[in-house]
Amino acid sequence: MFSPSRSGTFDGNVDDRVGKFTESIGFDQRLYEHDIAGSIAHANMLAKQGLLTPVEAGQITTTLATIRAEIHAGEFQFRSQLEDIHMNIEQALIDRLGDVGRKLHTGRSRNDQASTDLRLWIRAQIDLLDIQLASLQMAFVDFAERESTTVIPAYTHLQRAQPVLAAHYALAFCEKFDRDRERLLDCRRRVNRCGLGTAAVAGTSLPIDRVCVAKELIFVSLALNSIYASGDRDFVLEYVFCLSVIAIHLSNWAEDWIIWSTTEFNFISLPHEFCTGSSIMPQKINPDVLELIRGKTSRVIGNLQTLLVLVKGLPTAYNRDLQEDKPALFDAHDTVCSCLEMAIAMVQGARFNSDSISNNIEQGFLDATTMMEYLIKQGMPQRNAHYLIGQLVRLAMNENSTLAELSLSQLQALAPQIDESVYGVLGVKNAISAFQSVGSTATDQVAEQVRRWKQRLNTEN
Ligand code: ARG
């Protein structure tokens, strides 16, 4: 079988089965735009350095642009015997330009091409992902505004803990996804370095100008050391780690809403366009989209694992194993993007069932901690107050009542220092009003957060 990477060293052709086994064009063709951008920058630099004539560089760049348009239009025939995207494009150039096309690969290798294509691709995806994450944040801010007066129980250990505004819950996710955006932008700084010109491993003896190529491709700096950069995939690991954290955040959110949409909780109504039925049980409205977001998170994390194990045992510099990075990278990326698309629509379409929530919001002693803090404000040491409120909770449990339903004399029997004013912090509404710390669920704190997020997200657009 014909293979352009086979030099005169070889005795005979490669076995046909090897071609099939080693090809990556099946999955790396999606890098074509970035591969061509890299080749155009490389050709321009070769001309500047006198390694191509201006006419040759012009022919190469024009033909590369034509090839790009053909691929874009679906008119380009990829050939698996040409292994990968780099050689498919180079061979198309050679087919059209002959010896001039054969000059493009001067001073570079597929090793630095592959890593540079990936850097360009990931950089572009980070910018798109940032927009998607901002939309999701905006959906949570809108949700917070819609639910500005709804009070829900906050759970720790999935046991009722303290009352919070539903808006506060929504803004927790707004902040999580903001950290994800920060992490991506930080990752982008390390992605945004040019590996072209490191060639196979040692650099080149030809007078190339790496800085010129990096500038044309709008990289901020060089991935400098040729041994490191030609086989570097650290930036892929980092990107897929960032994707994994996003997926985990989505999975946590999906888990909340799956539980909340059960008959037992009945906190939330999911948009029916994003639920599915059962083929046997006619009454079922299943949260399959949320379940799949949770399920697909395992794929993303699995892909991170694949990548970590892929690079773990490699001898320094490029090894062909690295070709296996792309299926894992692409799958992690595609999975997170599709989960985000679903999440944005579901957050936009969901509604809290405030009546159902408020029906039993006074159960579970959500105001116990606030009552303890009331005693602390009265001068009682926290540990003593904690113990005492525990006794009152026990009393209320025995009486099948809430704390607010205990009489003043019942309260005073255990804690004589309690007076009428305690009823000002008991009950969920009062408890919410009592909050005051920065970042808490206090109404003014939450309103301020909503204002700040809206301003931030609107000015970004
Ligand atoms: N397709 C390969 C990859 O994705 C790049 C080819 C490098 N091949 C080589 N024999 N040096 O990593």
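Derivation of every value follows stated rules applied to the coordinates shown; laboratory data play no part. Source: prediction; values computed, not measured. Neighbour counts run over all protein chains shown; Cβ positions are idealised from the backbone, glycine included.
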Using a 7 Å offset from the Cα along the Cα-to-Cβ direction at both SER354 and ILE376, what is the distance between the two label points in nm, to one decimal?
3.0 nm
Members of LYS296/LYS326; LYS20/LYS326; LYS176/LYS377; LYS48/LYS326; LYS103/LYS312 lying beyond 28 Å, as alpha-carbon distances in this model show:
LYS176/LYS377; LYS48/LYS326; LYS103/LYS312
Rounded if a/c is under 1.5, else prolate if a/b beats b/c, else oblate: with a ≥ b ≥ c from the C-alpha gyration tensor eigenvalues square-rooted, which is the chain?
prolate
Vicinal HN-Hα couplings computed from phi for region 273-285 (Karplus, 6.51 cos²θ - 1.76 cosθ + 1.60; Hz; Gly/Pro x)
5, 10, 10, 10, x, 10, 6, 10, 9, x, 7, 6, 10
Measure nothing fancy, just the Cα-based angle from helix 382-399's long axis to the longest principal axis of the chain, in degrees from 0 to 90, nearest 10.
70 degrees
Compute the FRET efficiency between ASN13 and THR106 as 1/(1 + (r/R0)^6), taking r as their Cβ-Cβ distance and R0 = 35 Å, and round to the nearest 0.05.
0.85
Mean residue ellipticity (222 nm) of the chain, computed from DSSP H runs ≥ 4 via -39,500 (n - 2.57), nearest 500:
-20000 deg cm²/dmol
Using a ≥ b ≥ c from the Cα gyration tensor of region 189-228 (square roots of the eigenvalues), is it rounded, prolate or oblate, where a/c under 1.5 gives rounded and otherwise the larger of a/b and b/c decides, a/b for prolate?
oblate
Stretchable slack from GLU264 to GLN29, in nm (0.36 nm times residue separation minus alpha-carbon distance)
79.7 nm
Phi to ³J(HN,Hα) by Karplus 6.51 cos²θ - 1.76 cosθ + 1.60 over region 326-332, Hz, x for Gly, Pro
5, x, 5, 4, 5, 5, 4
Degrees, to the nearest 10: 110-146 long Cα axis against longest axis of the chain:
20 degrees
Once amide H atoms are built 1.01 Å from N in the peptide plane, which residues 5 or more positions from CYS194, or in another chain, come under 5 Å H to H?
SER221, LEU222, ALA223
Can you compute the FRET efficiency between ARG189 and SER298 using 1/(1 + (r/R0)^6), with r the Cβ-Cβ distance and R0 = 35 Å? Round to the nearest 0.05.
0.75
Would you mind computing Rg(Cα) / (2.2 N^0.38 Å) for region 347-461, counting N as its residues?
1.33
Among the aspartates and glutamates, which fall within straight-line cross-link reach of LYS429, defined as a Cα-Cα distance under 13 Å, with same-chain neighbours fewer than 8 residues apart omitted?
GLU362, ASP367
Under Karplus coefficients 6.51, -1.76 and 1.60, residue-wise ³J(HN,Hα) of region 447-459 in Hz, glycine/proline x:
4, 5, 4, 4, 4, 5, 5, 4, 4, 4, 6, 6, 6
By how many degrees, between 0 and 90 and to the nearest 10, does the Cα long axis of helix 54-72 differ from the longest principal axis of the chain?
50 degrees
